[in-house]
1. Which of the residues spanning the range 142-162 are closer than 27 Å to Glu75 by Cβ, open to solvent by 50 Å² or more (accessible area, probe 1.4 Å) and not in a loop (DSSP other than H, G, I, E, B)?
2. Does the range 125-140 contain any residue that is assigned to a helix (DSSP H, G or I), aromatic (Phe, Trp, Tyr) and surrounded by fewer than 19 Cβ atoms within 10 Å (Cβ to Cβ)?
3. Working only within the range 124-141, note down all residues that are more than 14 Å from the chain's Cα centre (by Cα) and closer than 26 Å to Val91 by Cβ.
4. Mind checking which residues of the range 95-140 are closer than 28 Å to Cys82 by Cβ and without any contact (Cβ under 8 Å) to a residue 40 or more places away in the chain?
5. Could you list, in sequence order, the residues of the range 102-124 that are outside any loop (DSSP other than H, G, I, E, B) and of a type in the set (A, V, I, L, M)?
6. Report the residue count in the range 59-71 for those that are surrounded by 12 or more Cβ atoms within 10 Å (Cβ to Cβ) and under 16 Å from Trp137 (Cα atoms).
7. Anything in the range 79-120 that is surrounded by 15 or more Cβ atoms within 10 Å (Cβ to Cβ) and of a type in the set (D, E, K, R)? List them, or say none.
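The values are calculated or read from the model by the stated rules, or taken from the named source; none is laboratory data. Only a predicted model underlies this, so the values are computations on that prediction, with no experimental measurement involved. Note that each Cβ is placed from the backbone with ideal geometry, even for glycine, and that neighbours are counted across all protein chains shown. Quick note on the areas: whole protein, heavy atoms, side chains included, nothing else; ligands and nucleic acids left out. Shrake-Rupley method; radii C 1.70, N 1.55, O 1.52, S 1.80 Å.
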Amino acid sequence: MFPGPVRHLPDRRSGFAYGPGDFVVVEAEDLTQDIFIKIFKSLGITGQSSGLLATGVYGVVKIITTGLFMAVAIEQLGRKWCLIIGGLVQVFTLFWIAIYQAVRPAGTPVDGVGYLTIAMVYIFVVGYGLGWSSVTWAVSAEVAPNQLRALAMSAATMSQWFFNFVIALI
């Protein structure tokens, strides 16, 4: 029915669709960056510094941790443990931020625990770099058979850029 390597596609549908499907989750998680801007503002960091801390420094930390964990941790710990450890770090930091926001009275100045809460935002992105960010690219490259690998990575990259665009519109 199909010529060449595309003929094998019906047998490998789940592997071919993994990359684009997983990037939906990755891009949905990037919405947390917008939430962090609001958290910085609620902690008293306003103006240009809140935007710089929430987008600039956050992005640099995300790129460095993703690259570092892709080069070192994925092969040493394995994909499953990277996702588990990264997810636990993310859950802990988000619980910390939520509890602090619930307990802290509005309008109070930033104290030491407030600065620790700001640090939790960056610890969250370290967990993201260990888990969803780095493992997604590695598994997307490995899940498809060799004859479909280029096509599968093209679809995964296209979906990642598409969902970046969708998130930017929200």
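1. Step one: list which residues in the range 142-162 are closer than 27 Å to Glu75 by Cβ, which gives 142-161.
If we keep only those that are open to solvent by 50 Å² or more (accessible area, probe 1.4 Å) too, we end up with 142-143, 146-147, 149-151, 154, 158, 161.
Selection gives Glu142, Asn146, Gln147, Arg149, Ala150, Leu151, Ser154, Met158, Trp161.
2. no
3. If the condition is that a residue be more than 14 Å from the chain's Cα centre (by Cα) and closer than 26 Å to Val91 by Cβ, then Val139, Ser140 are the ones that fit.
4. Phe95, Trp96, Ala98, Ile99, Tyr100, Leu116, Ala119, Met120, Ile123, listed by residue number.
5. Those that are outside any loop (DSSP other than H, G, I, E, B) and of a type in the set (A, V, I, L, M): Ala102, Val103, Val113, Leu116, Ile118, Ala119, Met120, Val121, Ile123.
6. 9
7. If the condition is that a residue be surrounded by 15 or more Cβ atoms within 10 Å (Cβ to Cβ) and of a type in the set (D, E, K, R), then Arg79, Arg104 are the ones that fit.
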